[in-house]
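Chemist: There's a structure below that I have some questions on.
The values are calculated or read from the model by the stated rules, or taken from the named source; none is laboratory data. Since we're looking at a predicted model, the values are computed, not measured. Here Cβ is always computed from backbone atoms with ideal geometry, including for glycine, and neighbour counts include all displayed protein chains. Just so you know, the surface numbers come from the protein's heavy atoms only, side chains and all, with ligands and any DNA or RNA stripped out. Shrake-Rupley method; radii C 1.70, N 1.55, O 1.52, S 1.80 Å.
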Amino acid sequence: MEKCALILCEKKMSEKSRKSLADAEIVFRPMKEILQESVEKCGIEDIFFLCEKEERTENFRNFFERNKDGDIFVCEGTNPFISPDTITKSYEEFVKNGRKITAVVSRFCDSFAAVWMSLADLKKYCSFTQREEILLSDIVSSFDEIAEFTSVHDDDFLFAKNLSDALKLNEYKRKKILEKFMLSGVQILCADGVIISEEAEIEADAVILKGTQIKGKTKISADAVIGPDTILEDCNVGEKVKIKASHCYSSEIKKGAEIGPFVRIRPHCTVGENARVGNFVELKNADIAEGAKISHLSYVGDSFVGKEVNIGCGCATVNFDGRNKHRTVISDGAFIGCGVNLVAPVTVGKDAFVAAGSTVTEDVPENALSIARTRQVNKTGWVLKTKPYKRMK
């Protein structure tokens, strides 16, 4: 028999909100998305999210039509932790009961989390012209005889009636995830503000400090120290890396690198082994090779930075001409002085030296000194003659 699912998401975050409460996030993921994943793990592919009253029109009718002879799992989108095991075993019970409506009930209290029923039975209940919210409790109460499946998973019955409840669910899930990692050998020295995605992979002996958020499918190797106040999303972090008070997205940080404080690493960057990036640096689509140093207040975008390169304070790779992005190459061993602008496309050769304050628009040969600035001119007494300041009469 074909199976499908109806997830009820009409309840709003508040009377004034236009958003569904089922969109409230639990550890970086909307509640309805967490529930959807559990349903899909049971082999149920056709899932309808009833989010707005207006959806009780063509899309809703089409959903009924293509599943008219099948069975349907109905639950609230604010009940995020219903397990795949419960969904599978309750369906088996539903079939044993001759496909009579079967509710998933708690072993400890008078509560139910979901129901299995035939599409034919649900269609008797649902009215396409009805304007009120469709609630799971209303569906259950409309049937005189209901079979029961008793769940052994207490989390199946955790649900949110409002955003305050959603916060409690988030905290509950956050602590369970932290406990899992700590039991596997990850040191979390202070759990204040620490949020870790369930999809993250963290090896034993890594250290996570307070205020750190680890999102998506981030991988962190042993002996890395992350935080405090760091955000990582879909990053690959090598052994003995240190990242402090920085934001890194969709990038790779290799063994022994040091990042932070206040670094922003945008997607598609690689920071090589033992490289150092710190103090208000931004990287964008940049490859930083082994041992390179970009210490403070610089922007490196669309660039390759070679081994043992040193980039001084206040430097920028000028990668955008108003229409297109261009790439900068800084070869191994080069030294870039403070306040340098490298106007891409441009290449700085191996072991070249670019003097502070230069604006480089042409390639620099290897082993060359590049000075791209005008000669200083001092005009004695100019201020007294022109009186440029407001305080001067």
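Chemist: Across region 111-157, which residue is modelled with the lowest pLDDT among those that are touching a helix residue (DSSP H, G or I) at 6+ places or on another chain (Cβ under 7 Å) and open to solvent by 50 Å² or more (accessible area, probe 1.4 Å)?
Modeler: Applying the filter and picking the extreme gives F128.
Chemist: Could you look through region 229-254, keep only residues that are part of a loop (DSSP other than H, G, I, E, B) and basic (K, R), and pick out the one that is farthest from the chain's Cα centre (by Cα)? Even if it seems obvious, please write down each step before you answer.
Modeler: Narrowing region 229-254 to residues part of a loop (DSSP other than H, G, I, E, B): 229-230, 234-235, 238-241, 244-246, 250-251, 254.
Next, only the ones that are basic (K, R) stay: 240, 244, 254.
On the way: K240: 23, K244: 18, K254: 21 Å.
Applying the filter and picking the extreme gives K240.
Chemist: Could I ask something else about it? Is it true that some residue in region 175-192 is in a helix (DSSP H, G or I), open to solvent by less than 80 Å² (accessible area, probe 1.4 Å), under 30 Å from E15 (Cβ atoms) and not polar (S, T, N, Q)?
Modeler: Just the residues of region 175-192 that are in a helix (DSSP H, G or I), to begin with: 175-183.
Next, from what is left, pick out any that are open to solvent by less than 80 Å² (accessible area, probe 1.4 Å): 177-178, 181.
Now restrict to residues that are under 30 Å from E15 (Cβ atoms): none.
No, region 175-192 contains no residue that is in a helix (DSSP H, G or I), open to solvent by less than 80 Å² (accessible area, probe 1.4 Å), under 30 Å from E15 (Cβ atoms) and not polar (S, T, N, Q).
Chemist: Before we move on, is P267 open to solvent by 10 Å² or more (accessible area, probe 1.4 Å), assigned to a loop (DSSP other than H, G, I, E, B), within 27 Å of F304 (Cα to Cα) and touching a residue at least 12 places away in the same chain (Cβ under 8 Å)? Even if it seems obvious, please write down each step before you answer.
Modeler: Details: open to solvent by 10 Å² or more (accessible area, probe 1.4 Å): yes; assigned to a loop (DSSP other than H, G, I, E, B): yes; within 27 Å of F304 (Cα to Cα): yes; touching a residue at least 12 places away in the same chain (Cβ under 8 Å): yes.
Yes.
Chemist: Continuing with the same structure: Restricting the search to region 291-304, which residues are closer than 15 Å to F335 by Cα, touching an Asp or Glu at 6+ places or on another chain (Cβ under 7 Å) and open to solvent by 10 Å² or more (accessible area, probe 1.4 Å)?
Modeler: F304
Chemist: Select from region 20-53 the residues that are open to solvent by 60 Å² or more (accessible area, probe 1.4 Å) and closer than 22 Å to S197 by Cβ and write down the one among them that is nearest to the chain's Cα centre (by Cα). Steps first, answer last, please.
Modeler: Narrowing region 20-53 to residues open to solvent by 60 Å² or more (accessible area, probe 1.4 Å): 25, 33, 37, 40-41, 45, 52-53.
Right, trim to closer than 22 Å to S197 by Cβ and you get 25, 33, 37, 40-41.
Values: E25: 11, E33: 14, E37: 17, E40: 21, K41: 22 Å.
Result: E25.
Yes/no matrix, rows are residues, columns are (1) in a loop (DSSP other than H, G, I, E, B); (2) basic (K, R); (3) modelled with pLDDT under 95; (4) within 21 Å of A344 (Cβ to Cβ):
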site	(1), (2), (3), (4)
K210	yes, yes, no, no
D223	yes, no, no, no
G256	yes, no, no, no
F262	yes, no, no, no
F280	yes, no, no, no
L283	no, no, no, yes
E290	yes, no, no, no
V300	no, no, no, yes
